[in-house]
Amino acid sequence: MPRFRVAVCGAGIGGLLAAVALSKHEDIELDLYEGASRLAEVGAGVGMFPRPWRILEQLGLDEDLLKTTVRPGKGPVPSFTYRKADAVVEGTEVYTLVMQGGVTPLHRADFQNTLLRHLPSHYRLHTSKRLKFYTQDKDGVTLTFEDGSTAICDVLLAADGMKSAARAQFLHDLASNAPEAATAESLLSCVPPVWTGITAYRALIPADKLRRCAPHHPALTRQMHYFGKDGVLVAYPIMNGEVVNFAAFTARHDLEGTPYESAWFEQVGVSEFASVFANWETDIQTLIQCVEKPLRWAIHTVKPLGTFVSGRVALLGDAAHAMHPNQGAGAGQAVEDAYMLATILGHPSTHKGNLEKALSVYDAVRRPFSQHVARMSRFAAQIGTLNWPEGLPNNLDELEGDEWLRVIRKVPETAAANWEWAWLTTIDDDVERALHMLESW
């Protein structure tokens, strides 16, 4: 007999990782529900920093993942090369980020397929099952899907993305019981995602195509981070160097919080963003010339929530804390959420009678850290697009020589200082704290 039944809604990185991690506990029954008719990760590359990569190693996923990519060395490793690039003349390399262990570049589809291969055969995967709402009582959680079907579980892990139906449900539930109208209004304001003022354009460029245009383009072999006023462009090799992951970001920070009127995600023409970078350096023009069928993503985030948990329901990944992509932390934070949930639910002291208390441990440990990362990611977006009034002088364009270089280096140096958590810390202390909370009952 299983201790309890878990339902995971959403088969993206967070949901699949939660299922794989929970599979280490044979007495937990699990059903995985995905809204799409078939599993197909949308997106291009994703980077795993040493902190989440260590979790993937502990779960035994690293060997299969390394069949599709190359793992950087374990010591100090040069990572992103920062270039001030928003000038027609050649840009200037101003900084090379050095981190402990580097970034492991992965293609999202490869990542997803690896996770699927590690799901045990007795786990049930259901497609075309998009969560509409849930109800819960002392006997468990009843899920209702958009096709009208229902399912029952003891605990729901909602990895159903930025537009999470589970988040909307429990915020409405909390608001309906709020003692004051202002509290209810504040809760409900966290239901819809918020546009950041940033739009991303993503594509995969065949390395051979870029090589024909520019045989020595740095993005063929290095992780490049080009930055300038109101724009960032990142390019680096993935899939063992066969493909270059491309992402261009245009920023209008003054529009943060306003409605985004177009489709949040769709294929667009290159001309939609090329004009923004028209006066940037040659390396940028070459990359843009090689882009075909880019996907536009209007970058939205989730407002900071007062809780990730409501009864026997827990949010993870983008459903809980969708954030700016400027620290490349979203996928890694979903990995950490999933691992922590599996650690807590799999603990011998967790049973059907104390699931709510167990989930409160997850909220206490994960929410403060993931929301801190979200704040740092927003700050990185401001720094990287030179929208940092406290740190840059108004006469930046008038500076020359060593003084200009000294000032402009503050951009990547500050970004790096606020990013060191990704390679200098581990989740181990938080796991230990969670276990101590569980074992002190």
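With N counted as the residues of the range 80-194, its alpha-carbon radius of gyration over 2.2 N^0.38 Å works out to 1.68.
Other residues lying with their Cβ under 10 Å from the Cβ of W404 contribute a combined charge of -2, Lys and Arg counting +1, Asp and Glu -1. Using the beta-carbon distance between T96 and L396 and R0 = 25 Å, what value does 1/(1 + (r/R0)^6) give for FRET efficiency, to the nearest 0.05? FRET efficiency, T96 to L396: 0.70. Taking each residue as 0.36 nm, the span from E356 to A178 lengthens on full extension beyond its C-alpha to C-alpha distance by 62.1 nm. Spin-label pair V88-E420: with each label point 7 Å from Cα along the Cα-Cβ axis, the two points sit 4.2 nm from one another. Within the range 194-301, the ratio Rg/Rh, alpha carbon atoms throughout and Rh by Kirkwood, equals 0.98. Count Lys and Arg as plus one, Asp and Glu as minus one, and take only other residues whose Cβ is under 13 Å from that of V365; the net charge is then -4. By a 1.4 Å probe calculation restricted to protein chains, Y95 has an accessible surface near 50 Å², given to the nearest 10. Shown in residue order for the range 401-413 are the 3J(HN,Hα) couplings computed by the Karplus curve 6.51 cos²θ - 1.76 cosθ + 1.60 at θ = phi - 60°: x, 4, 5, 4, 5, 4, 6, 5, 5, 4, 5, x, 5 Hz (x for Gly and Pro). The translational diffusion coefficient of the chain, from Stokes-Einstein at 20 °C and 1.002 mPa s with a Kirkwood hydrodynamic radius over alpha carbon pairs, comes to 94 µm²/s.
In the chain, helical runs assigned H by DSSP with n ≥ 4 each contribute -39500 (n - 2.57); averaged across all residues and rounded to the nearest 500, the mean residue ellipticity at 222 nm is -10500 deg cm²/dmol.
Computed from Cα atoms, the angle from the helix 13-22 axis to the main principal axis of the chain rounds to 40 degrees. In this structure the range 22-74 gives 45 Å² per residue of accessible area when probed at 1.4 Å with all protein chains present. Pairs spanning more than 22 Å between alpha-carbon atoms, out of K129/K163; K229/K410; K67/K293; K138/K357; K138/K352; K209/K293: K67/K293.
Count Lys and Arg as plus one, Asp and Glu as minus one, and take only other residues whose Cβ is under 14 Å from that of E63; the net charge is then -1. Note on the chain: with neighbouring protein chains present and a 1.4 Å probe, carbon and sulfur make up 51 percent of its accessible heavy-atom surface. Approximating the spin labels as points 7 Å out from Cα along Cα→Cβ, the S349-to-L435 distance works out to 1.2 nm. Summarised as an ellipsoid, the range 1-143 has semi-axes of 38, 19, 13 Å, derived from the eigenvalues of the Cα gyration tensor scaled by 5 and square-rooted, with the largest first.
The values are calculated or read from the model by the stated rules, or taken from the named source; none is laboratory data. None of the values given here were measured: they were computed from a predicted structure. Methodologically, a virtual Cβ is constructed for each residue, glycine included, from the backbone with ideal geometry; neighbour enumeration extends over all protein chains shown. These accessible areas exclude ligands, DNA and RNA; they are computed on the full protein's heavy atoms, side chains included. Shrake-Rupley method; radii C 1.70, N 1.55, O 1.52, S 1.80 Å.
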